[in-house]
Each structure stands twice: as structure tokens, then as C-alpha cells.
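Just so you know, all these numbers are worked out from the coordinates, no wet-lab data involved. Everything quoted here is computed from the prediction, not taken from an experiment. A quick note on method: Cβ atoms are made from the backbone with ideal geometry, for glycine too, and the neighbour counts reach across all protein chains shown.
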Amino acid sequence: MHKLPTHTRNALIVTEKLQKAGIPIPIQQKIGTFAVAWGLFESNLERAVWALKKENVRGNRPSTDKTSAHSWVATLAEGSDELSITANEVLNIAAIAAKDLMNYRHSLFHGYLISLGGTAWFIRNPSLNGEKRNRKVGDAHIEENLIDLAIDAAWLLFSVVIAITRDNNLTTNIKEIESFESEVRRIKNTTNELINIAALMNHEKY
């Protein structure tokens, strides 16, 4: 049998180690899918900010160069005076969902891996050594259904920002943006569930 390259063999070993730590291979794959979907949303969100602010970036340094995705989400929430009331409401609700999903994403990608009883989750800004922190604690549970919720929400947010930037003309995109109204309301509920899952899992009705 053909010998695998060292890096490929090591990658398989890491995959197996993560599985033993409580992250099954299908979950690892879904985390990767979520990472890509979120990346598509965040990168295109920057272009949506330019459109909403009517910013001409050709030959200029974009205002977004010195800001973060947090501020881009805030701009998304503000909408534009060129859009309808409904379209702006869609963007505002999408921004609320994006803020919650961003918190989940940060906990997942920047948190400590906690493995207990064959399951795993990630926790961000914990006080593992009794330290005091100003940053809020966050957690990311990675049960398959929850990752599916995150993937679904990230892809919808990506679709919304693409609708903003299509044809480089906000006014011609109003109907398409409005068409997401029911869907952004749906993911607003699911993304809120993602960041409050620890409390929900202790609730008798969950």
C-alpha cells in the first residue's frame, strides 16, 4: 500500500485524537462546514457595509480596514435610508442573529476544549485558575443538531449580505432582501438558543 505523506498521516492522527476527546468525526466535519459558511458571511459582510454606507472604495482605503466584524454587524443593523421599512427590519433582525452567532463562533474557535464523560464542548474566558475576568464567559456546545443550527444560520446570513451587494445597487435589491423576513426571524430564535444552551439544557422542557 502506498505510504501516506507525513502531514497526511499526522492529520489523521489529530482527527483520531479529537474523536477520543469527545468530538466525533462527523462533528469535526460539520465544524469545518460552519467555519467556511461563517467565513463567507463575514468576508461579504464587509462589502455589504460599503453598500449600506454608499462608500466608494475604488482607489481608496475602505473604512472597514480599521474596524472589526463587530462594527460591521452594527452597520448592518442600521440599514439604509435607500431601503424599505421591511428591508431594514430584515437587516436589523439579521444583525441580532449575527451577533449571537458570532458569540457562539468565538467560543467554538477560541475557547478551551472541555471533555467530560465522552462528550465535549468549548468554553471561552473561563476562570479555571481562579482568575478574575472582565470578559463574559461563553460556551459552545457541539451536539450535532446545534452545529446544524449554526451552519443553517451562517448560510442564511451569507445569503442576506449577498442580496445587499448584488448588482451594486441597493434599491434594485429591496424585494430580494424583504424575501428573507420569515427566515431571519427563524434563525434569530435559533442563534439565541445556541448562546443560551447551557441554561436551556438544565431546563426541564428542553
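What is the Cα centroid distance between the stretch 1-54 and the stretch 158-177, reported in whole angstrom?
Cα centroid to Cα centroid, the span is 28 Å.
Provide Val36, Val73 in ascending order of the number of other Cβ atoms located within 10 Å of each residue's Cβ, fewest first.
Val36, Val73
Per-residue ellipticity at 222 nm for the chain, helices alone: DSSP H runs ≥ 4 residues times -39500 (n - 2.57), over residue total, nearest 500 deg cm²/dmol?
Mean residue ellipticity at 222 nm (helix-derived): -20000 deg cm²/dmol.
Are there any trypsin sites (Lys or Arg not before Pro) in the stretch 17-97 that are in a DSSP loop and have at most 16 other Cβ atoms within 10 Å? List them by number.
Lys53, Lys54, Arg58
Quote the FRET efficiency, to the nearest 0.05, computed for Lys54 versus Ser182 with a Förster distance R0 of 30 Å and r equal to the Cβ-Cβ distance.
Result of the calculation: an efficiency of 0.60.
Can you tell me, using C-alpha contacts under 8 Å and at least 6 residues apart, the relative contact order of the chain as a whole percent?
27 percent
Shape verdict for the stretch 6-201, please, from the Cα gyration tensor: rounded (a/c under 1.5), prolate (a/b greater than b/c) or oblate.
Prolate, since a/c reaches 1.5 and a/b exceeds b/c.
Can you list residues whose amide H is under 5 Å from Asp139's amide H, if they're 5+ apart or on another chain and H is modeled 1.01 Å from N?
For Asp139, whose amide H was placed from the backbone, the distant partners under 5 Å are Arg124.
Using Cβ counts within 10 Å as a stand-in for footprinting exposure, how do Thr8, Thr165 rank, fewest first?
Ranking Thr8, Thr165 by Cβ neighbours within 10 Å, fewest first, gives Thr8, Thr165.
Test of understanding: ordering Leu83, Leu91, Leu157 by Cβ neighbours within 10 Å, fewest first, what list do you get?
Leu83, Leu91, Leu157
Checking the cross-link filter: which lysines have an alpha carbon closer than 30 Å to that of Lys17, excluding same-chain neighbours under 8 positions apart?
Here the lysines satisfying the reach criterion relative to Lys17 are Lys3, Lys30, Lys136.
What are the membrane-span-like helices in the chain by this rule: whole DSSP H runs, Cα extent along the axis at least 30 Å, mean Kyte-Doolittle hydropathy at least -0.5?
Helices meeting the span and hydropathy rule in the chain are 25-52, 85-110, 144-165.
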